[in-house]
Each structure stands twice: as C-alpha cells, then as structure tokens.
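Heads up, the thing below is written out as structure tokens.
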Amino acid sequence: MSNHKILTIDNLSLQEFDSDAELIPLLTPEDEEEMNNEELPDSLPILPLRNMVLFPGVVIPITAGRDKSIRLINDANASGKNIGVVAQKNEEDEDPTKVDINTIGTVARILRVLKMPDGNITVILQGKKRFEIEEVVSEEPYITAMVKEVPEKRPKKNDTEFNAIIDSLKELAVKIIQESPNLPSEATFAIKNIESKSFLVNFVSSNMNLSVKEKQDLLKINNLKDRALETLRFMNVELQKLELKNDIQSKVRFDLDQQQREYFLHQQMKTIQEELGGVSHEEEFDEMSQRAKTKKWDDKTQKHFEKELSKLRRMNPQSPDFSIQRNYLDLFLDLPWNEFSEDNFDLKRAQKILDKDHFGLEEVKKRMIEHLAVLKLRNDMKSPIICLTGPPGVGKTSIGRSIAEALGRKYVRISLGGLRDEAEIRGHRKTYIGALPGRIIQSLKKAGTSNPVFVLDEIDKLSNSHSGDPSSALLEVLDPEQNNSFYDNFLEMGYDLSKVMFIATSNNMATIQPALRDRMEVIKMSGYTIEEKVEIARQHLFPRQLKEHGLTSKDLTIGKKQLEKIVEGYTRESGVRGLENKIAQVIRNAAKSVAMEEKYNKKVTDEDIVKVLGVPRLERDKYESNDVAGVVTGLAWTSVGGDILFIESLLSPGKGTMTLTGNLGTVMKESATIALEYIKANSEAMGLNAEILNKHNIHLHVPEGATPKDGPSAGIAMLTSLVSLFTQKRVKKNLAMTGEITLRGKVLPVGGIKEKILAAKRANIKEVILCHENKSDIDEIKPEYLEGLTFHYVKEMSEVIQIAITNQKVKNAKKLI
C-alpha cells in the first residue's frame, strides 16, 4: 500500500496525507446506501487530477493552484453542488481539454476548503459514485460535461467466494501495513473496522502503490467482485516486494560494534559478488597467502608480508588505501626474492658471442672476459659497476645485451636521460596518491631474476630539480658495499642488488657527479677506423637492413669499395649510426625498384651511391690546402669522437691588436694570448722583426663559427699558425698537431688521443705532432690503426716550429718590413 504521498492536480501539489480520523472516515453501509440512492445531476463541473484516481467513498486532500480549478471549487463550495473528478491521461498537461481526460470518473462532494498563505487552496473531497462523461458542454471558465451514472454490479450477500476475497484483502492489507515502515500502525485499526465491503475495496485500491493508469483500470471495472480480485493480485505483488526487501535488510541488521559491523558488511559484499559471478576479496587474500608460501623469503621478510596482508584484510575495500595496499602486496609477491638465473661460464662461447655481435672493441671484450673468469673461479664475486663511455653509435648499449646472452642472464635496460626526480630511482612513499616503486625495482620485477645484466643508459644525462637529485640516489644502487640492502621507499624494505651486473653508458664523463664516477670502473670506447666501419657495415649493418626492408642477399649486394665510399663521403662520426642510415637509404631505393618491378643494379655501384645519396659532401674535410701561410690543421675531441679543425691567421695594418673569431671558449682564447706573448718574447730568437708585431693587427680565426669550440688542445696549432704568418712560410702539407703550450714554450700533453688519431686517419693526414708524454697513449692503440701515420713527439715549441714550417716561401708572398 502507498505511504503518505504528495499528490498533484494540474499545477497544484497535494498536502501530505494525514492519518487523522477526520480524514479517513469509516464509511458505514447506511452512508454508502444513502450515496448510492442520491440522484445524479445531468451535468457536472469537471476537475482533472494529475497523478491520482478518486474512488467512491474515499476521502482525499488536494491543493488547487490553477485559476480554473480554484474558480470551480469556489463556485461549487458556494452553491453546495457536487463536482466530477477525473484523472488526466497525461499528468504533464498543464491545461487539459476534453480529449486529455478519462471518461470514467467519480462524483465528489467538498468536505472542507482551506485557504493557504501562498494563494492556493486546500480542498478535502469525498467520492460518492462513478459516472461516465457523455458530452463536454463547455470548457470555459472550466470544463462542464453531460454525465450518466455507471452502476456497480455487486455480488450477493451470501457469495462465499466474494466474502473470502474480502477477508484476504483485509489480511493482506494488515500484513502490508506491518511490513512497511512508512505506513502508520493506526491504519491497521481503520482497515479492521471498515464494515462496507465495497468501501474496503475502494479504500485499498486508492492507497496501493500503483500507477495512475492501473488505478484507472480498477475504477473502470463494473463488477465489484472482479475489482476485488484484481486488487488482491496487486496486493500480493506488493507484499512479496516488501517481504524480499525486508529479508535482505534483516540479514545485516545487527547491533554490533564498528569492527564487527564492517566484518559483516564485507561478508555481505562477498555474497553479492559471488551471486553476480565475481571473485570475492577473501579468495584473493587466500591466493596471496598461497603464493607467499612459494617465495624464498627470510623470516624477517615473511613476517613483514604477513603483517601487511593482515592490514589489507582489515581495510575497507572502498577506501583509496585498499588499492595501494593491494598493489604493494602484488609487487611484494612478483619480485624475484633470492631467485637467480644460472650463469654460463663457457668463456670461449662468451668470446665468440662478443666477437659475433661487435667488430673491434677489443679492450671492452677483454675486460668482460676477465670478469667472467673471476666470477667462474669464485662464484660469489660482487658484480663491479662498469661504465662504458664514448661517442654515440659505437655500441655501448648493445654490449650489455651481448654480455647478458653470453652469461645466460636476463637483460634489463632503463634510460636515465633527462631523469630529474629522485623518486624515479627510490620510488614514492605509499602515503602518496598514485605511489609506485622506483624504476630499479620495477625492472627487476619484469626481469624475474635478481641477477640480470642491468644497463643504465645515458647516465651522464641525469638532471636534478626541486624533486631531488637522482644521481645521488644512484650512489646506493651502484656502491657494491651498500647495494646488498637497497632501500626503495615504496617497498619499505632492503632489496639485495649485489648480484646484479650493472653496466652504465655515457658520452661524457665530465658531467657525471664525482662521487658517482668514483664508484664505477670506466672503460673508454673510442670511435672506429674506416676499415672497421667497412667491416661492421659488411658483417652487421647491411645484412640487418636487408632483412628489415624485406630483401635478401640475392636482391642486392655491395662491395667493400662502395662501402668505403659511403663511409668517407657521407658520414662524419665516430660510431656507425649515421652509416647505417645511409646504407638503409641505398637499400630503400633498391626495395622501391623491386616493388615497382623496375630494372636496377643488383650489385651497388659508385654511380648508384651518387644517384641515391647525392654528391659526397664531406670529402672536403679530408684535406685543406696549406698553400697560404698561417693555415694549420689541428686535432680536437668532441662528444661524437675526434675531429679535425683548421686555424687561420691574417695580418693587416694597425697597432698590434689581436682579434679572435670562430666562437671560441675561454680556454682557447687564453691559448691564443699565450701563443702571441711567447712569439713577442722570443721574436729575436725566431728571426722576426719586432716592428712587424707593433705595426700590424692580427686576426686569428677558427672556421665554422656557428659551432662552439673550447678545450686545452689547440695551443701549439695557434702558435704555429702565427709563426707561419709572421715568417710567411707555409706549414708542411698533410700535417696535424695537438697539444697545449706554456709561456716558457713547453708542450703539454692532452687527452682524447685515440679519437684524434682516428680523425686524422679519416682526413688523410700523414704526420702528427704530439707531446712526448702522449707516447704512452699511442702505444695503447692497435698497430693497424696507426698504419700510414708518422708521429713526432716534442717537448719544446721550437721543435714544433722546426718540424711544421719549411724554409720554402709561398708564391707571391707579401714582404714584411
């Protein structure tokens, strides 16, 4: 049965239905008989109701607010006339017409009219008998219609079936009132005291929780017995709904303390999930416990896990911390605690794998084999931290993969370039939203073992910010004395990294924090010679690019001569990354011809290379004419390997000032100043006229001004350029030099010798001047790299001038006074 509703008529809202006896009068059979005998007038004013149906004998309160409804009620109340009440077909209609209302309604009398403060009026109506609209006479000022009575067919007094239906109605009504918490218990007494059977049916029908259409269908039924049966059917449905609702609520309605209450609520959720076919959290917890039994934990770790799992069991699944705690335990179970892959100590096999994957790099391979040998003998050696440093494209990262294959270990790589948050290394604390472990722990989880080969790529490009210094966080990771208990903020426990073989890569060791650099064993990887690049291209790059472009060796081949042409004419690097791009460009051209079924040379020719790659653009760097005095070839180290640079100088009339151009750094500017002061101080010994220095301006220039240049290796080249300029004697052809000078004329050693020597070979240099202290660097370079080069080791600047500058004057040389 319905509770105390708020009903509406047109744009009016009904007041709450009170249970006062005055509003629920007990209609006696005598009153009902009197109503039935009352004569029905030919026409009635019609009051449409929005969302309710008035039944005979039932009293309802309504609130009227529309002008038509207020006027109808005032007129009827003043004259004491009855009105006709009908339900609208659509409760949304604001101004219903004759086609918008039902034809079957109830004659009603006005019991009371109350004026409300908001201008509306509240009216209490009582239904009398049913009627049917025959014709609408007028719609202004309100609807008036011709009506006729609809007689009700009632069963006989001794109809046993009808009496049983009425008894069932009373019984069900009492049960519904008892089951529903929203209905007052006083309504039970009203139901039991109703004597009129027809009024009982109408009263129950009016107050059931039915739609307007369902109630209107009940009102249309002429046979009282049929109406009672239909009402009984609706009541049975409503009772079943109430009982089901109360049954569900009773399962969790206990007087328990907070902890027990949460427990039983969790049990209820578990039951619901199981009914829906889902997995309960309890099963998930049990699965975690079973997985924990298979882990190789020590007692401390085991106790910590059990404590955290117990905490998860007590958490509310709707709490944000629940998912964080569950993720934490999942990570705990996924980490490979004390799980190690078995190392393969076949050193000959390891050597073959390194040789197969990398051409050259003998020093790196030698160091790796030494490490494997010691590891084989001791079997418990703490893994050293190796840092491979060198220009891009020389194979630093791929070395790690080859070592992993040789050892039979898992391979893990993380890129540290641009990393500036310490939490990326150490992880976030669990108290933060979106907390995650650090990348070290995450990578070990993916690897599945605690002894992988772990490549830390681009370690020199770590940054720092307000979020911390990740390079400092790496100190614990890379320190063999500390990393056996590496602490991750998310894991909240020490994790053993001592069996991990860390290999770091960098381009420039100068940018690495000194404390971090101190914990690593640095292995330098220089660039490749032209011969090495050709072999790498032939053995590795060309076959790999053929496969990636869908071709085979039957579709395209290339000779050493053509590979050498690509190396010398189109690449200018220490590594082979640019070379691979050029080879890929040649192969793509062939792939296009194959796909379009065009004719092409299956063996690449020099003409094919020029056609695809264009005219060689880098051959000019091999050699630059020294036919002009003051031009010297220097050797420099860059982040991409060694390179040659040219230093030019020029005299012009002036007062002896010196101008430096070419985007030079502070160190190179100081070298130029030192060189000039040395010449001035020793002009007499060099046979120079001192007046030349005072009456001419000097302009020293290093070409390619858009490129910044700095470093302590161009001192002797600058001094040689100035001496050549002042004496107007050219520098020996095919000669390069590197070294720094002092004011006393001493030649100082410099670094990056191997890279510089390789650059000299690429540029077809025949002779190189070096400081005598750099001889040990030359001895470490493979003899085949030095073929065709002559080295001059010097201590004094006078030796450099003697070797570099000949006695032959340049043609058309300007005579200096």
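Values in this text are rule-based calculations from the coordinates and carry no lab data. Nothing here was measured: the structure is a model prediction, and the numbers come from that model. As a convention, Cβ positions derive from the backbone with ideal geometry for all residues, glycine included, and neighbour counts pool all protein chains shown.
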Check your understanding: Under a point spin-label approximation (7 Å from Cα along Cα-to-Cβ), what is the LYS524-SER798 distance to one decimal in nm?
Key -> 3.2 nm
Exercise for review: For LYS445, list the aspartates and glutamates whose Cα falls under 14 Å from its own Cα; do not include residues on the same chain fewer than 8 positions away.
Suggested key: ASP330, ASP334, GLU339, ASP488, ASP496
Review point. So how far apart, in nm, are the two label points at SER168 and ASN682 if each is 7 Å from Cα heading toward Cβ?
Key: 12.8 nm
**Study point:** Value in Å of the Kirkwood radius, where region 342-403 supplies the Cα pairs that are averaged
**Key:** 12.4 Å
**Study point:** Cα-based reach from LYS81 at 19 Å (exclusive), listing lysines while leaving out same-chain residues under 8 positions away
**Key:** LYS68, LYS128, LYS129, LYS148
Review point. Quick one: Debye curve from the C-alpha atoms of region 530-620, no solvent, what's log10 I(q)/I(0) at q = 0.10, 0.12 Å⁻¹?
Key: -0.22, -0.32
Exercise for review: For every other residue with a beta carbon closer than 14 angstrom to the beta carbon of GLN216, add +1 if it is Lys or Arg and -1 if Asp or Glu, then tell me the sum.
Suggested key: +1
Study note, to complete from the structure: Cα-Cα longer than 26 Å, checked against LYS98/LYS170; LYS410/LYS533; LYS533/LYS611, kept in input order, equals LYS98/LYS170; LYS410/LYS533
Review point. Rounded to two decimals, what is Rg over Rh for region 508-574 when you use alpha-carbon atoms and the Kirkwood radius?
Key: 1.20
Check your understanding: Given LYS746/LYS775; LYS157/LYS213; LYS602/LYS782, which pairs have Cα atoms separated by over 26 Å?
Key -> LYS157/LYS213; LYS602/LYS782
Review point. Which of the residue pairs LYS293/LYS430; LYS175/LYS245; LYS352/LYS524 have a Cα-Cα distance greater than 18 Å in the structure shown?
Key: LYS293/LYS430; LYS352/LYS524
Exercise for review: Kindly state, to the nearest 0.05, the FRET efficiency for ASP118 paired with LYS156, given R0 = 41 Å and r defined as their beta-carbon distance.
Suggested key: 0.20
**Study point:** Calculated Rg and Dmax of the chain using C-alpha coordinates, Å
**Key:** 50.4, 153
Review point. Exposure proxy check: ASP67, ASP93 ranked by fewest other beta carbons within 10 Å?
Key: ASP67, ASP93
Revision key, fill the gap. Note: region 645-716 at 4 °C, 1.567 mPa s; Kirkwood Rh on alpha carbon pairs; Stokes-Einstein D in µm²/s works out to 100 µm²/s
Study note, to complete from the structure: Once the in-chain neighbours fewer than 8 apart are removed, the aspartates and glutamates whose Cα is under 16 Å from LYS547 read ASP555, GLU580
**Study point:** Debye equation applied to the C-alpha atoms of region 622-809, log10 I(q)/I(0) at 0.10, 0.15, 0.18, 0.20 Å⁻¹
**Key:** -0.36, -0.82, -1.20, -1.50
Revision key, fill the gap. If GLU704, GLU799 are placed from fewest to most neighbouring beta carbons inside 10 Å, the sequence is GLU704, GLU799
Point to revise | Debye intensity ratio in log₁₀ form over the Cα atoms of region 280-412, taken at each q of 0.09, 0.12, 0.14, 0.19 Å⁻¹ | key: -0.48, -0.68, -0.76, -0.99
Practice item. Count the DSSP beta bridges whose two residues both fall in the chain, then state the antiparallel fraction as a percent rounded to the nearest 5. Key: 60 percent
